[in-house]
Amino acid sequence: MSDFAETIKAQELHLMNAWMHRDSGAFRKLAARDCMMIFGSNPPELLDRPSFLEAMTKDFRCLGFRMGESVVRRYKRAAWYSAGADLEMKVGAKDWTGRFLITGLWYKHTIGGWKLAERSIAMLSEDETIADRIRRLQMWR
């Protein structure tokens, strides 16, 4: 694996640890000022960086996480990160725990290096046959 991919994966782990430990300073260093986060609720909801920073220290807690297999793709000065993860979260008093798909769009800034520009967190389908059906659609197999 390339050094580039390892750098992005390390940034992702730092980001998740910052959330779990309510370290808004570390999160602020990793997320661009105009970072937006979309959550796979019904309907989907957005939080901008200031809203998320406030929420992560109060009502939107990451209590634990385990990252699964990930893919990192580079396109010019941007990187796309995608991974399955087991997340243990609370939104207020509501438990939101399970298997999620986490995606992140990272952009390499001239000053400050790689910063998270966009984040998506959505619960994965429990129907295991869907992945098999989609895999059969891949033309390169």
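The values are calculated or read from the model by the stated rules, or taken from the named source; none is laboratory data. Predicted, not measured: the structure shown is a model, and the values here were computed from it. Here the Cβ is made from the backbone with ideal geometry for all residues, glycine too, and neighbour counts use every protein chain on show. Accessible surface is based on the protein model in full, side chains and every heavy atom, while ligands, DNA and RNA are left aside. Shrake-Rupley method; radii C 1.70, N 1.55, O 1.52, S 1.80 Å.
Each residue, E88 and M67, gets one label point 7 Å from its Cα in the Cβ direction; the gap between the two is 1.9 nm.
Per residue, the accessible area of the chain comes to 64 Å² when a 1.4 Å probe rolls over the protein heavy atoms. Excluding same-chain neighbours fewer than eight residues apart, the lysines reachable from K94 by a Cα-Cα span under 16 Å are K58.
Could you sort L105, L46, L30 by their accessible area in this structure, using a 1.4 Å probe and putting the largest first? Intermediate values should be presented prior to the final figure.
Working: L105 55, L46 100, L30 20 Å².
Largest accessible area first, the list is L46, L105, L30.
Is there a quick way to get the dipole size of region 1-62? I mean about its Cα centre, with the Cβ of Lys and Arg at +1 and of Asp and Glu at -1; what is the value in debye to the nearest 20?
Details: 8 positive and 9 negative charges, 41 e Å.
Approximately 200 debye in magnitude.
Computed on protein heavy atoms with a 1.4 Å probe, the accessible areas place K94, K58 in the order K94, K58, largest first. Annotation: amide H of G68 within the under-5 Å range of G84, A85, D86, sequence separation 5 or more or interchain, hydrogens built in the peptide plane. Exposure check, 1.4 Å probe, all protein chains in place: T7 carries approximately 60 Å² of accessible surface. With kT/(6 pi eta Rh) evaluated at 10 °C and eta = 1.306 mPa s, and Rh the Kirkwood radius from Cα pairs, region 71-141 diffuses with a coefficient of 109 µm²/s according to Stokes-Einstein.
Remark: relative contact order (region 9-141) = 21 percent; criterion is Cα-Cα distance under 8 angstrom and separation of 6 or more residues.
In this rough spin-label picture, where each label sits 7 Å from Cα along the Cβ direction, the Q138-A78 distance is 2.3 nm. Nonpolar atom fraction for the chain, defined as the carbon and sulfur part of the 1.4 Å probe accessible area, stands at 54 percent.
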